[in-house]
Amino acid sequence: MDLVAKLRTEPESLKSLHLDPRTELKGEFVRTLAEALEGNTTLESLSLVGNMLGGEGASIFCKPLRGNPCLSSLNIVANGLGPAGAGALAESLSGNTALVELRLGDNLIGGPGTALLVPALCSCSALTLLDMRDNGIGDQGAVALADLLRSRPSNGIKTLYLEWNGIETEGGDALLAAVRVNRHLTTCTISPGNPGFGLSNRVRIEDRMAKRADAAKAKERPQPGTPSALDGPSMDDPSADGRPSVDGPSAEAIWPAKGALAKGPAKSSSPPTRDTPDMLAGGLPAGQRVWISILRCLRRLLPVRARWHDE
């Protein structure tokens, strides 16, 4: 009851509420806690995993969540909601614009409960993750979820968990058709627990998810030529290391033009001078000394190659 007292005296301080599975939300405590949460506008994350709230408890506890402008994460896994609890949850979430993650695994929601829930989820404009594992939704629930995927094809759910739901061919066909339309979904887990889903449907959905995941990763990688925080100074930037640029000779200066080897080395009109690269190399930067060494080697080889062509 200390929790209830704090909720009543300091409601604005509550950002996250995670109740231990041993809390056992039953009887009068559910009603008392729900009354303490009434009107709360700061709660962002609520987890009730394993508290076996049941359909009746859900109808009481979900009322304070209606209109909460901050609730972004709701985890009600393993609470035995059933179709009635799913309907109560749908009423409290309708029009919610803050909810991002909704985890409803292992709640016996079934196909009818999913059909009640989907219209409300279509109005949750920020919802990107939906966990519906182990709810026995069957084909009816799968068709309803396909409608949810089609309702927001470009900015809707990105992650959908559907294992252990007894979905068969009809539901598999509906989900495959919805996945083809909805290009925002990047994760959709189907197996195990849906043996009648259809191998071709499952393979096609998983193939699309893999391709979309790869495309998303490719977008996150830096493109060639785009500097990143881990890149060092560019080799093309002369001032990258604080030293002046060292320009070597161009390719045309190193390799003779076509036909030049056959004609022999060009004759110089001026007498030879001792101001050769050998004399100048001593005080030059390392980069220019490398280029000068290359030129010196080429100067020695060119006459030999020219004579070979003349012969």
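The values are calculated or read from the model by the stated rules, or taken from the named source; none is laboratory data. What you see is a predicted model, and the numbers here were worked out from it, not measured in a lab. Positions of Cβ are generated from backbone atoms using ideal geometry, with glycine treated the same way; all protein chains shown enter the neighbour counts.
Could you please let me know if L43 is touching a residue at least 24 places away in the same chain (Cβ under 8 Å), under 32 Å from the mean Cα position of the chain (by Cα), over 28 Å from P112 (Cβ atoms) and not in a helix (DSSP H, G or I)? Judged against the criteria, L43 is a match. Filtering region 127-157 to residues that are out of contact with any helix residue (DSSP H, G or I) (no Cβ under 9 Å at 6 or more places or on another chain) and modelled with pLDDT of 95 or more leaves T128, L129, D131, R133, D134.
Restricting attention to region 1-19, the residues that are over 13 Å from N40 (Cα atoms) and either in a helix (DSSP H, G or I) or at pLDDT below 85 (or both) add up to 4.
Check G193, G172 and return the single one that is of a type outside the set (F, W, Y), surrounded by fewer than 17 Cβ atoms within 10 Å (Cβ to Cβ) and in contact with a Phe, Trp or Tyr (Cβ under 7 Å, 6 or more places away or on another chain). Being of a type outside the set (F, W, Y), surrounded by fewer than 17 Cβ atoms within 10 Å (Cβ to Cβ) and in contact with a Phe, Trp or Tyr (Cβ under 7 Å, 6 or more places away or on another chain) holds for just one of G193, G172, which is G193.
Set side by side, the residues L53, L130, L99, L162 differ, and just one is in contact with a strand residue (DSSP E or B) (Cβ under 7 Å, 6 or more places away or on another chain) and closer than 23 Å to T42 by Cβ, which is L99. Answer yes or no as to whether L46 is touching a strand residue (DSSP E or B) at 6+ places or on another chain (Cβ under 6 Å), surrounded by 19 or more Cβ atoms within 10 Å (Cβ to Cβ) and of a type outside the set (S, T, Y). Against the criterion (touching a strand residue (DSSP E or B) at 6+ places or on another chain (Cβ under 6 Å), surrounded by 19 or more Cβ atoms within 10 Å (Cβ to Cβ) and of a type outside the set (S, T, Y)), L46 qualifies. Kindly check whether there is at least one residue in region 57-68 that is free of Cβ contacts under 8 Å to residues at least 40 places away in the same chain and more than 18 Å from A36 (Cβ to Cβ). No, there is no match, as no residue in region 57-68 is free of Cβ contacts under 8 Å to residues at least 40 places away in the same chain and more than 18 Å from A36 (Cβ to Cβ).
Does V77 count as β-branched (V, I, T) and within 23 Å of the chain's Cα centre (by Cα)? Here the answer is no, as V77 does not meet what is asked. One residue stands out among those in region 75-131 that are of a type in the set (D, E, K, R) and not in a loop (DSSP other than H, G, I, E, B): the one that is surrounded by the fewest Cβ atoms within 10 Å (Cβ to Cβ), which is E91.
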